[in-house]
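The structure appears right after this line, and notes come after that.
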Number of protein chains: 2
Amino acid sequence: MKVLVIGAAGMVGRILSEHLLHTAELGGKPVTQLTAFDVVPAELTSENGVALQIKAGDIADRDTVDGLIADKPDLIFHLAAIVSGEAEADFDKGYRINLDGTRHLFEAIRAQGSGYHPRVVYTSSVAVFGAPFEDKITDTFITAPMTSYGTQKMIGELLLNDYSRKGIFDGIGIRLPTITVRPGKPNKAASGFFSGIIREPLAGQEAILPVEDDVRHWFASPAAALGFLLHAATMDTAPLGARRCLNMPGLSLTIAEVLETLRKVAGDEVVARVKRVPDPTIRQIVAGWPRDFAPDRAISVGFTADTDFESIIRAHIRDSEDVKG
Amino acid sequence: MKVLVIGAAGMVGRILSEHLLHTAELGGKPVTQLTAFDVVPAELTSENGVALQIKAGDIADRDTVDGLIADKPDLIFHLAAIVSGEAEADFDKGYRINLDGTRHLFEAIRAQGSGYHPRVVYTSSVAVFGAPFEDKITDTFITAPMTSYGTQKMIGELLLNDYSRKGIFDGIGIRLPTITVRPGKPNKAASGFFSGIIREPLAGQEAILPVEDDVRHWFASPAAALGFLLHAATMDTAPLGARRCLNMPGLSLTIAEVLETLRKVAGDEVVARVKRVPDPTIRQIVAGWPRDFAPDRAISVGFTADTDFESIIRAHIRDSEDVKG
Ligand SMILES: NC(=O)c1ccc[n+]([C@@H]2O[C@H](COP(=O)([O-])OP(=O)(O)OC[C@H]3O[C@@H](n4cnc5c(N)ncnc54)[C@H](O)[C@@H]3O)[C@@H](O)[C@H]2O)c1
Ligand SMILES: NC(=O)c1ccc[n+]([C@@H]2O[C@H](COP(=O)([O-])OP(=O)(O)OC[C@H]3O[C@@H](n4cnc5c(N)ncnc54)[C@H](O)[C@@H]3O)[C@@H](O)[C@H]2O)c1
């Protein structure tokens, strides 16, 4: 099986690529080739005989995308995106990468003609929803985004459904909760602080909390995100019918609950490194995000989430020690 | 006030343009200029001193659209579209006109900079919804289109909301029911037969009914559509908040009820001209369309619909006689 990962140098892309290189199989089939594409070359090393191609380029350039698809990968993960904060600040860039880039990918697949029908896994976001919310968002809740990022992700979903319905590819969209604890450096996502208030204090650094303690949010761990991607890549998509984009399962916690869990795992001194500096812009973006879900469809087709937040923090501590050690 | 009508040679565009030329005012303000744009030159005549510009071109050409907007119209009606049947048959054309064309318009407005903030009235469709349906579709029902046309209209809505939220223009989207009785010749819309089974028999011709008599559908008259457009052009958009696209009010009837009303107005002989020729393609498209609505939001902000179907048929007969006479 030939696999293409678009956005392979990103947080999720790297975890996914490293996993595929390491296991060299997916759903019982050998992964023979992995093409890792991103604006910057992904730092990956081939393992277990997988032919690794590291390519750098811009999905906003149609020719570049045609070049990637010319090789007819059997499975494509489309993770490349400009995240929420940046898409809100740079209108042009958000549309160019999140909308035009996604369309280039879908059109490049279509240009290969009817003999080619890859599985496409698209990472969407709970930002496709906008206030006012249900207490727990169900699978038929209206998708009314309130940010440019959410708008762009939702347009990608609509295109994915239409291209799949037309038999151009076999698409599935997974609406990721906020991945926490995000390893490495912060990115420009407006949601960055949700990880920052855990990651930085654990590393002995101060972290800024720009919203109130009673803000509720929807979380999944990096390990859960990897599980979602692998399941989306291998599951039977027939039960999805025309609605191929799913709310992923996760955990709903308030900031207060997140900090309480951190206190339990790491103590008062660590939690004291969280500084409250209200930021009206971030607060407004986050107010437009959903807080809790009843992701029945995803669960019914086999997606599984984290069981508790304490395990998420403990796994992060373990993973950071692995990186250091 | 300078008004631009895009799609002015179409059925709705012509009714709207003729009305504006005739009344020469809108919401108490004089209409000083009307630019009528379409692929083909609209057949219109200036009345009451309105400066009429008839322009022909393609909204899929960005330069053409820039040219239209250079004049900074205060009010823009965006009615141009490739309709459902054609967008389903010609994938490229549907995306090029319904998606790229709409984006060109929105981007051309943005390119004028922050001093320019026109009202944009966008005609969307109930095809943004897809089965399974609620019995009566409410204002928060999920928008999950099942055709390329519905997908393209929905993407236009998402863009309209985002551009409006960003203060680029003051947009409002109206999801039109199927306009019946459509005057003139049939178009390529899959919904064309809903008008055909009234219009053709009344004109002494046979009409094809491609679906079953128990198919239920959602209707509004051409006069009601004109009313929606004028109200959308002049109403206060503030109460709409971030969700600027509304289900328009209408009438829900089965084909059997439509034919019974036709029988009441025009007699058995007229109804006998309807021939049942099931068409699986049209049946499948129509099965993916909604049948009934509870359009509370639209009603609460002042949109009004037809009161009964008999009046719709009688108005069509009157209008046809006006055209003949
Ligand atoms: N991390 C989360 O909490 C979260 C939540 C919801 C959705 N998502 C989505 O999941 C995906 C992966 O998230 P992530 O956290 O790994 O994001 P990330 O920002 O770490 O990675 C995205 C990658 O896309 C690449 N990219 C950006 N523009 C590109 C372009 N023009 N051409 C090629 N590559 C480009 C970036 O260089 C980056 O490496 C994204 O689509 C994101 O929107 C993430
Ligand atoms: N009539 C209905 O029942 C109905 C229902 C729901 C939505 N709508 C929408 O309302 C609008 C008006 O409907 P209508 O019935 O008058 O449609 P119509 O087909 O009669 O008119 C559409 C017009 O758009 C023009 N057009 C198409 N491509 C163009 C392009 N590239 N550049 C410039 N002009 C172009 C066509 O020439 C045509 O005159 C459309 O957007 C339609 O999708 C109509």
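Overall, the protein assembly as shown carries a charge dipole of about 260 debye about its Cα centre when +1 sits on the Cβ of Lys and Arg and -1 on the Cβ of Asp and Glu, all other atoms neutral.
Cα gyration tensor of the protein assembly as shown, axes a ≥ b ≥ c as square roots of the eigenvalues: rounded (a/c below 1.5), prolate (a/b > b/c) or oblate? Note, shape of the protein assembly as shown comes out prolate. Once B and A are treated as a pair rather than alone, how much accessible area drops out, both sides summed, in Å² to 100, probe 1.4 Å? The summed interface area works out to 2800 Å². Cα centroid separation, segment B:65-95 to segment B:171-207: 20 Å.
Considering only DSSP beta bridges with both partners in chain A, what is the antiparallel share in %, to the nearest 5?
Details: 6 of 41 bridges.
So the antiparallel bridges amount to about 15 percent of the total.
Plainly put, the tip 7 Å out from Cα toward Cβ on A:Asp214 is 5.2 nm from that tip on each other copy, the closest given first.
For B:Trp289, the solvent-accessible surface computed with a 1.4 Å probe is close to 20 Å², ligands and nucleic acids excluded. In nanometers and ordered shortest first, the copy-to-copy spacing of the A:Gly184 label point, defined 7 Å from Cα toward Cβ, is 5.6. Of all the accessible heavy-atom surface of the protein assembly as shown, with the other protein chains kept in place and a 1.4 Å probe, what percent is carbon and sulfur? Using a 1.4 Å probe with all protein chains present, the protein assembly as shown comes out at 51 percent carbon and sulfur.
Averaged over A:133-144, how many beta carbons belonging to a partner chain fall within 10 Å of each residue's beta carbon? Intermediate values should be presented prior to the final figure.
On the way: counts 0, 1, 0, 0, 0, 1, 1, 6, 3, 8, 5, 10.
That works out to 3 on average.
Ligands, DNA and RNA excluded, the heavy atoms of A:Thr45 present near 100 Å² of accessible surface to a 1.4 Å solvent probe.
Counting only DSSP beta bridges whose two residues both lie in the protein assembly as shown, roughly 15 percent are antiparallel. Within the straight-line cut-off of under 21 Å between alpha carbons, the lysines reachable from A:Lys2 are A:Lys29, A:Lys55, A:Lys72, sequence neighbours fewer than 8 places apart in one chain being disregarded. Applying 1/(1 + (r/R0)^6) with R0 = 45 Å to the Cβ-Cβ distance of A:Asn187 and B:Asp279 gives a FRET efficiency near 0.30. Distances between copies of A:Asp92, taken at a point 7 Å out from Cα along the Cα→Cβ vector and listed shortest first: 2.9 nm. Shown for segment A:201-242: residues covered by the partner protein chains by 20 Å² or more of accessible area relative to the chain by itself (probe radius 1.4 Å), namely A:Ala242.
Inter-label distance, B:Glu47 to A:Ser320: 7.4 nm, where each label sits 7 Å from its Cα along the C-beta direction.
Just to be sure I follow: if Rg is taken over the C-alpha atoms of chain B and Rh is the Kirkwood radius over the same atoms, what is Rg/Rh?
On the way: Rg = 19.1 Å, Rh = 20.1 Å.
Across chain B, the Cα-based Rg/Rh ratio is 0.95.
Of B:Thr140, B:Thr307, the residue with the largest accessible area leads and the full order is B:Thr307, B:Thr140 (1.4 Å probe).
Determine the order of A:Val12, B:Val31 by accessible area, beginning with the largest, at a probe radius of 1.4 Å.
Values: A:Val12 30, B:Val31 5 Å².
Listed by decreasing accessible area, they come as A:Val12, B:Val31.
Per-residue ellipticity at 222 nm from helix content only, as computed over chain B with -39500 (n - 2.57) for each DSSP H run of at least four residues, stands at -11500 deg cm²/dmol. Within the assembled protein chains, the solvent-accessible surface assigned to A:Arg165 is about 90 Å², based on a 1.4 Å probe. For chain A, the solvent-accessible area of protein heavy atoms averages 39 Å² per residue (probe radius 1.4 Å; ligands and nucleic acids excluded). Per residue of peptide B:152-164, the mean number of Cβ atoms on other chains within 10 Å of the residue Cβ is 4.
Overall form of segment B:204-325: oblate. Here a/c, set by the Cα gyration tensor axes a ≥ b ≥ c, is 1.5 or more, and a/b is not larger than b/c.
Determine the shape class of segment A:271-325: with a ≥ b ≥ c the square roots of the Cα gyration tensor eigenvalues, call it rounded for a/c under 1.5, and otherwise prolate if a/b is greater than b/c, oblate otherwise.
On the way: a/c = 2.81, a/b = 1.05, b/c = 2.68.
Because a/c hits 1.5 or more and a/b fails to exceed b/c, segment A:271-325 counts as oblate.
Straight-line reach from A:Lys93: taking Cα to Cα under 18 Å and skipping same-chain neighbours fewer than 8 places apart, the lysines in range are A:Lys153, A:Lys188, B:Lys166. If R0 equals 56 Å, the separation of the Cβ atoms of A:Ala203 and B:Asp292 corresponds to a calculated FRET efficiency of about 0.45.
The values are calculated or read from the model by the stated rules, or taken from the named source; none is laboratory data. What you are looking at is a predicted structure, and each value in this text was computed from that prediction instead of being measured. Counting neighbours? That spans all protein chains shown, and the Cβs are built from the backbone with ideal geometry, glycine included. Side chains are part of the model used for accessible areas, which takes the heavy atoms of the whole protein and leaves out ligands, DNA and RNA. Shrake-Rupley method; radii C 1.70, N 1.55, O 1.52, S 1.80 Å.
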